[in-house]
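Each reported figure results from applying straightforward, stated rules to the coordinates on display, with no laboratory input. Bear in mind that the values here come from a model prediction, so they are computed numbers and not experimental data. Note: ideal-geometry Cβ built from the backbone for every residue, glycine included; neighbour counts use all protein chains shown.
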Amino acid sequence: MLGALGWIPLLFEPLADWYIPPIQPQARLRPENRPWQNIITGVYGHPPLLKIHDRTGDVKWSFRREDVHQDLPSELQRCLYGGANDATDMKYMRGGESVAAIYSDLVIVVNHTPDDPIRDKKITWATCRDNEFLWNAHSVEPLPNDLLAVSTTGQRPWDGILVYNISLDNALENNPPVVQNITGLRAIHGMIWDEQGQMLWATGTDAAADGTDPIPAHGTIIGYPFDAATGELRKDDRYIYRLPNAYTIETEWGKGYPWWAGPHDLVPVPNQRKFLISEDRGLHAFDIETGEFFAEYEDVQEMYMKGFEVTTADRHGINHTGHFEELPQSDLKSFNLAPDGSFIYVQSLWTKFRGFHTSLVVNGARRKINLGDEIYRSRWFADIDGWPKPK
């Protein structure tokens with residue numbers, strides 16, 4: 001203990017003894033090491049393009065069909081060079097050493113090993129999509145035990161999710177077997193693996209989104225628990241949550257347009273047991289622990305996406321009730337949040353299906369990258385804190 005005046009000599013101590021350096025962030029949180037610095041984007045075209053780039057848009061790795069120099073089974077080779085211009089979805093997997101993607105007329109898993117050129121860009125699994133089941137597939141997601149979920153994204157009662165074994169021990173084949181077929185969720189556009197809950201979450205509609213059913217279609221989230229003993233998703237024990245309201249999308253597409261508003265992406269909030277869902281009209285937030293949708297539209301934006309800006313000024317029209325409405329958050333085809341508060345999103349042009357840049361928001365300020373590319377989705381090429389992919 002210092003006496004009443006004992007502190008006075010301390011004023012004359014060298015400043016170096018008093019200097020306390022600021023706490024340095026963990027190495028992985030320093031800007032140059034943050035895993036969510038890298039972004040993977042699918043570019044539509046002939047041929048389509050997958051590219052991994054940084055936040056400035058500088059490309060670090062890319063994949064086109066011309067990069068494939070291996071011998072493929074005949075049907076896979078034909079579908080690789082098919083007429084589709086799709087680069088609809090792409091997911092980080094195997095710690096970043098693989099990419100799962102919907103590419104051209106294929107669903108593929110391809111090596112991302114730039115430090116090992118012999119393995120890099122080699123297709124390790126594929127199936128053709130030019131059939132009645134997968135032609136409109138919109139989402140892929142890796143599962144444990146070297147499984148891959150692929151959404152069929154159709155409108156029929158038997159549409160849903162096909163699960164494949166993508167083990168590196170398996171040889172490529174023209175028609176790889178389906179190990180599980182989960183039906184009942186239509187128009188699936190987003191899936192995410194939940195490591196903590198050990199389940200696959202998918203979002204689509206509970207009825208035909210194209211209006212061919214006699215009932216309205218509601219945006220729906222379903223959680224399918226994964227049974228480690230059987231290696232299968234448990235459809236009978238699924239968790240089902242529906243958005244309370246069903247809306248047509250006449251505001252955008254005109255009077256009499258039969259489609260119902262449906263989800264486009266399902267995105268986890270880093271380090272929280274919450275999802276954000278984008279659909280044709282805007283954003284919704286869902287709490288897994290309570291099983292409730294707890295915010296929508298501008299409230300979601302204020303909570304999680306400060307700095308969001310509508311990409312075009314024409315997102316308005318007359319709705320089914322004859323009233324004018326603005327839909328600034330409509331048609332977010334993809335978006336991702338990072339633990340540092342930054343986020344990316346792709347918003348299609350009004351009355352179009354894709355956008356022509358990726359928006360990146362850092363510290364509340366938006367800038368555009370990938371200018372001029374025809375894009376459906378950009379995603380972080382990384383595990384998101386609290387939501388790792390299966391190893």
The longest stretch of the chain containing none of the chymotrypsin sites (Phe, Trp or Tyr not before Pro) that sit in a DSSP loop with at most 11 other Cβ atoms within 10 Å is 159-352
GluC sites (Glu not before Pro) in region 300-391 lying in a DSSP loop, each with at most 13 other Cβ atoms within 10 Å of its Cβ, come to Glu309
Residues whose built amide H sits under 5 Å from the amide H of Arg377, excluding neighbours closer than 5 in sequence, are Gly42
Partner aspartates and glutamates whose C-alpha sits under 18 Å from that of Lys368, ignoring same-chain residues fewer than 8 away, are Asp54, Asp58, Glu309, Asp331
Percent relative contact order for the chain, counting Cα pairs under 8 Å at least six residues apart, stands at 13
Residues meeting the amide H criterion for Lys121 (H placed from the backbone, H to H distance under 5 Å, 5 or more places apart or on another chain) are Asn111, His112, Thr113
Which of Lys255, Lys51, Lys333 fluctuates most in a GNM of the chain (C-alpha springs under 10 Å)? That residue is Lys255
Whole-Å distance linking the alpha carbon centroid of region 103-148 with that of region 342-374 is 25
In order over region 132-146: 3J(HN,Hα) from phi, Karplus 6.51/-1.76/1.60, θ = phi - 60°, whole Hz, x for each Gly or Pro, gives 5, 9, 10, 4, 10, 4, 10, 8, 10, 7, x, 10, x, 6, 6
Sequence order, region 230-242: Karplus ³J(HN,Hα) from phi using 6.51 cos²θ - 1.76 cosθ + 1.60, θ = phi - 60°, Hz rounded, Gly and Pro as x, gives 9, x, 10, 7, 9, 5, 5, 9, 5, 9, 10, 9, 10
